[in-house]
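Engineer: Structure provided below as structure tokens; questions to follow.
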Amino acid sequence: MVNHERMGYIPGRMKRLSIFALSAGLILVSVLSFSSFVGQAQAPAGQGRGQAAQQPAPPPPPQAGHPSGKLVIWGDTAIFINPTDPDNCLLTNRFRRGQRVGFRMTALDGGTGEVEQTAALVAHVTYAGKTVDVPMRWRGEAGPKAPAPRGYIRSPYELWTGSWTVPNDAPVGRISYTVTATDKFGRKAEFTPFSAEASQLVIVQ
């Protein structure tokens, strides 16, 4: 027969210790579960901060020798679709409703012929009696000697892009667009397509 008193075994005390251990375990599980829930709830906020950080960087400082001469801009329109589609960036001015009109522009310092990297460009599309402004992004933030990103053969240092999806209420036929630019020195420039009717932006069936 085992002498429980000699071994220090007291049934009432052991029962209380078991209840205490069980309670502590439940508290620990609750704390861990709550921490996991809080972490999941905070994830979107973190993603939001990450998305904000991915926004286009502000224009860099002026280059040496700028400004010189006028600010000069020009460009074209192309269809913007899935980068893996062979028709992506196909030069065109004919678009259907739901397609993305891609605006591709460049901006130069007229005196040096160099890219004017402080320029801010906006495309303006006018249709059905209203005008939509399309801010354009400079794609050369990484610099002219940066490795070519996917889909490019070199750094797109001289490229500004923007896109406008043709809405369902856009009328079939010719619509107009212009692109305006301003730089850090206060110079302004405007681009319009050639005056030939065949060169205008057209919405087709």
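Engineer: Only one of VAL202, VAL122, VAL166, VAL132 is among the aliphatic types (A, V, I, L, M), touching a Ser or Thr at 6+ places or on another chain (Cβ under 7 Å) and at pLDDT 95 or above. Can you tell me which?
Structural biologist: On inspection, the qualifying residue turns out to be VAL122.
Engineer: Pick out, from segment 64-128, the strands (runs of 3 or more DSSP E) lying fully within it that include 1 or more residues that are under 21 Å from the mean Cα position of the chain (by Cα) and free of Cβ contacts under 8 Å to residues at least 24 places away in the same chain.
Structural biologist: Filter on segment 64-128 gives 71-79.
Engineer: Related question: If you check THR118, THR106, which single one turns out to be touching a Pro at 6+ places or on another chain (Cβ under 6 Å), within 30 Å of ALA64 (Cα to Cα) and not small (Gly, Ala, Ser)?
Structural biologist: THR118
Engineer: Continuing with the same structure: Which members of segment 175-196 meet the condition of being loosely packed, with under 15 Cβ neighbours inside 10 Å, out of contact with any Asp or Glu (no Cβ under 7 Å at 6 or more places or on another chain) and closer than 21 Å to GLY102 by Cβ?
Structural biologist: Listed by number, the residues that qualify are SER176, GLU190, THR192, PHE194, ALA196.
Engineer: Let me ask you something else. Between a first residue in segment 152-175 that is closer than 13 Å to ILE203 by Cα and a second residue that is hydroxyl-bearing (Ser, Thr, Tyr), which pairs have beta carbons less than 9 Å apart while being 6 or more apart in sequence or on different chains?
Structural biologist: Here the result reads TRP164/TYR177; VAL166/TYR127; PRO167/TYR127; ASP169/TYR127; ALA170/TYR127; PRO171/TYR127; ILE175/THR126; ILE175/TYR127, each pair linking segment 152-175 to a residue that is hydroxyl-bearing (Ser, Thr, Tyr).
Engineer: In addition: Would you mind listing the strands (runs of 3 or more DSSP E) fully within segment 141-205 where at least 3 residues are among the polar types (S, T, N, Q) and under 20 Å from the mean Cα position of the chain (by Cα)?
Structural biologist: The qualifying strands (runs of 3 or more DSSP E) are 160-165.
The values are calculated or read from the model by the stated rules, or taken from the named source; none is laboratory data. This is a predicted model, so every value here is computed, not measured. Neighbour counts run over all protein chains shown; Cβ positions are idealised from the backbone, glycine included.
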